There are 2 protein chains.
Amino acid sequence: MSKMPTVKDVAEYAGVSVGTVSRVLSGEAAVKPMLREKVNSAISALGYRPNVTARALRTSRTDVIGLIVPDITNPFFAQLAASVERAALERRHSLMLASSHNDRGAERAHVSAFLDRSVRGIIVVATGDSSGLHLEAPVPVISLDRRFGTFPLVSTNHAQAAALIADHLYGLGHRRIAYIAGPPDTEAGRMRKEGFVSRINRFGKTGEAVQLEIAYGKFDYESGERIARDLLSRPPQDRPTAIAAASDQQAIGALRAARDLKIDVPRKLSVTGFDDISLANLVVPRLTTIRQPADLLARRAVGLLLEEPPGTGDEMVDGSLIVRGSTGPRVQPKAVIAEHTN
Amino acid sequence: MSKMPTVKDVAEYAGVSVGTVSRVLSGEAAVKPMLREKVNSAISALGYRPNVTARALRTSRTDVIGLIVPDITNPFFAQLAASVERAALERRHSLMLASSHNDRGAERAHVSAFLDRSVRGIIVVATGDSSGLHLEAPVPVISLDRRFGTFPLVSTNHAQAAALIADHLYGLGHRRIAYIAGPPDTEAGRMRKEGFVSRINRFGKTGEAVQLEIAYGKFDYESGERIARDLLSRPPQDRPTAIAAASDQQAIGALRAARDLKIDVPRKLSVTGFDDISLANLVVPRLTTIRQPADLLARRAVGLLLEEPPGTGDEMVDGSLIVRGSTGPRVQPKAVIAEHTN
DNA sequence: CTGAAAGCGCTTACAG
DNA sequence: CTGAAAGCGCTTACAG
């Protein structure tokens, strides 16, 4: 394989100086049409491609965006990663991906590694609460979905979205509800819970009282399954008629527990999730949930990162309620079964 | 933020030349202990971190591995990506990720983009069959799981693994089996099918004959669901007693179709998958499948890439059968129900 | 508008 | 074993 052609080769071929070649390449500076023409044909004749490394060294700026997620095998993060990659591509940037495996140390190490590689900026979906962290970085850093350090956050409006779920379940007649919360050391976990709880409490004042109980777990399948199993192992009259989970994975775990205990969803129990991962539409029954607009979130995060100067304020995006088969009207105990409304 | 210190700063601080600093950094060349000591303390005093870009420009080599997958939201590829990232990290390399969205053009574009960024090497999980492609690359390229161009392939021994499934179903007494194949334009799709079919055919010669029918689909949920629905909509005596799918996603789609049609798995129908994605262990019933050793595959691929000279031969890794609840003994039609063996 | 030249931060023959 | 110097391939003031 012969060596790749450089600006110098192009310059010689076109009979101009390397500076002129560079100016044509950048497209910014004014170059006489004739020279521009010559340079462009030299470029295609030689098959020249700019050396990104040299450019980066000179300008100390690259077109690589670093993304750190807690766990790429988590479907929601995978979707987020896909969206960020697409958003980066739209802005002609590439993506460097790292997974922190939910390890705070690995997260920090990846930040440093990205900095060493002088990325254009870093987007991090934090693992747990790192709000104590006060990090200086020579490039913009944006938190996505979960706050990282003190950096601006782009996320779904968790509280608003959780209230949508509360409205939905209340509207279906549920007055005995269990909430499976996410880890209280995550902002997303706290905000979803608070949004849900405060809406339910408001109903308590303006309408019928709701018995609400809250259990905390991780965002994963296992937590949802375990907590739901506990909840549902009680005698029927002590069971909630609806379980709202802080994540789809928890909700899917809860569906599994319900099935194992032969509790019919949605006729005896309604279950809701949060995220709308692709699996939510594939489980039986299909899961009522909150759709997080991953593409939009990603585009905002990349936008903030690439702005000049980089965005500094938080951005919230509304989630939307997706009603599917896992929720239904409360069954009146010891009474006539309520009609399904559709 | 003050400028980052450079080798020059370190050299001045330590009272040596930049060459010596560089030699200490590389660890290769012999440097007098006393100077080495001085340099090291200068490095920590100044908080010096080497500029990777400059190093890359000089040596035209980086420590970034490019990975292209067809779709990061596919759980199996997500798992593979996580494994590759881990394997890369073990060898002190970072990962640049791109998703081709099953688009051959995007795949090629990503290869070029990686080449432009002078990655150390590229691992690609090809989308569809690209064996026609004869690409020259200035860095090593390895195919993972699915052949890309003519580059060496690291993959599960699909045929061997598929035969494991055939053995399992035959051993359970199934004599009427449907195989949901993957796209015939993928090597994985073809090899899994051939491994399965040839083992079944062998049974036909040495033991009882097996009625086998084959349907082709994509590797996704929808294909599995649709094909299974067709298969299972027939009158009971015309239905297969076992469905073997070429992917877990297809198998999960098939489970869904069976549930919709109220066909009990595994009592009336056995279903098997391939991949052992994490979901396989969470569906109801849990899925009998083939585990692809993602970590091992990833480590081999990275190993081949980083070898000097880069590995050039294919590598096959055996898959293993994971028996779970979705398979059981064939029910004798119009006869006594066979006892479960465990 | 264009060319000649400096310089980004390293590594590595080349002398000594 | 160590230093001085060249050079990786660009971009960008600086003159003209």
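The values are calculated or read from the model by the stated rules, or taken from the named source; none is laboratory data. Note that the structure is predicted; figures quoted are calculated from it, not measured. Ideal geometry is used to build each Cβ from the backbone, glycine not excepted, and the neighbour counts take in all protein chains shown. These area figures cover heavy atoms from the full protein model, side chains too; ligands, DNA and RNA do not enter into them. Shrake-Rupley method; radii C 1.70, N 1.55, O 1.52, S 1.80 Å.
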If labels are modelled 7 Å from Cα along the Cβ direction, A:G105 lies from its partners in the other copies at nm distances, smallest first, of 4.7
Please work out how much accessible surface A:R267 shows to a 1.4 Å probe, ignoring ligands, DNA and RNA, in Å² rounded to 10. 120
Percent carbon-and-sulfur accessible area, the stretch A:158-288, ignoring ligands, DNA and RNA, probe 1.4 Å: 51
Output the relative contact order of chain B, whole-number percent, from Cα pairs under 8 angstrom with separation of 6+ residues. 15
Under a 5 Å amide H to amide H cut-off, with H placed in plane at 1.01 Å, what residues pair with B:T288 once short-range neighbours are removed? B:G273, B:R324, B:G325, B:S326, B:T327
Summed buried accessible area for B+A [probe radius 1.4 Å, Å², rounded to 100]: 3900
Choice from A:S44, A:S326, A:S223 with maximal GNM fluctuation in chain A (Cα, 10 Å cutoff): A:S44
Among B:K218, A:K38, what's the order by accessible area (1.4 angstrom probe), most exposed first? B:K218, A:K38
Along Cα→Cβ, 7 Å out, is where each label goes; now give me the distance between the ones at A:N201 and A:N102 in nm to one decimal. 2.9
Which one, B:D248, B:D63, B:D185, has the greatest fluctuation when you compute a Gaussian network model over chain B with C-alpha springs under 10 angstrom? B:D185
Long-range HN-HN contacts of A:L144 with modeled amide H, under 5 Å: A:V124, A:V125, A:A126, A:V154
Using alpha-carbon positions, the gyration tensor of the protein assembly as shown gives root eigenvalues a ≥ b ≥ c; with a/c under 1.5 called rounded, otherwise prolate if a/b exceeds b/c, else oblate, the class is oblate
For chain A, dividing by residue count, accessible area per residue (probe 1.4 Å) in Å² works out to 44
Step through the table entries A:K8/A:K32; B:K205/B:K262; A:K205/A:K262; B:K193/B:K218; A:K218/B:K218, compare each Cα-Cα distance with 24 Å, and write down the pairs that go over it. B:K205/B:K262; A:K205/A:K262; A:K218/B:K218
Check B:G121: other-chain or 5+ apart residues with amide H under 5 Å from its amide H, H built from backbone geometry? B:G66
Estimated distance in nm for a label pair at A:D167 and B:R176, the labels positioned 7 Å out from Cα along Cα-to-Cβ: 5.2
Roll a 1.4 Å probe over the protein heavy atoms and report the accessible area of B:V21 in Å², nearest 10. 0
What percent does the relative contact order of the stretch B:108-267 come to when contacts are Cα pairs within less than 8 Å and at least six residues apart? 18
Return the average number of partner chain Cβ atoms within 10 angstrom of each residue Cβ along peptide B:275-286. 3
How high is the FRET efficiency from B:D314 to A:S112, r the C-beta distance, R0 45 Å, rounded to 0.05? 0.75
How far is it, in nm, from the label point at B:R267 to the one at B:Q237 when both lie 7 Å from their Cα along the line to the Cβ? 2.3
Short version: which residues of the stretch A:95-121 lose at least 30 Å² of accessible area, all chains versus chain alone, 1.4 Å probe? A:L95, A:M96, A:L97, A:H101, A:H110, A:D116, A:R117
What order do A:E222, A:E213, B:E225 take when sorted by accessible area (1.4 Å probe), most exposed first? A:E222, A:E213, B:E225
Taking the chain alone as reference and the full protein assembly as comparison, with a 1.4 Å probe on protein heavy atoms only, the residues of the stretch A:1-33 that lose at least 40 Å² of accessible area are A:M1
Most to least accessible of B:Y216, A:Y170 (protein chains only, probe 1.4 Å): B:Y216, A:Y170
What number, in percent, do you get for the relative contact order of the stretch B:43-137 if the mean sequence gap of Cα pairs under 8 Å and at least 6 apart is divided by its residue count? 36
Probe 1.4 Å - accessible area at A:M316, Å² to nearest ten: 100
Using a Gaussian network model on chain B with a 10 Å cutoff between Cα atoms, which of B:I43, B:I322, B:I200 fluctuates the most? B:I43
Taking 0.36 nm per residue of separation and subtracting the Cα-Cα distance, what length does fully extending A:Q160 through A:R259 add? 32.6 nm
How large is ³J(HN,Hα) for each residue in the stretch B:306-322, as worked out from phi by the Karplus curve 6.51 cos²θ - 1.76 cosθ + 1.60 (θ = phi - 60°), to whole Hz, x for Gly and Pro? 8, 4, 10, x, x, x, 10, x, 5, 10, 10, 10, 6, x, 10, 7, 10
Looking at chain A, what % of its DSSP beta bridges pair antiparallel, to the nearest 5? 10
What FRET efficiency comes out for the pair A:V18/B:E194, r = Cβ-Cβ distance, R0 = 45 Å, nearest 0.05? 0.20
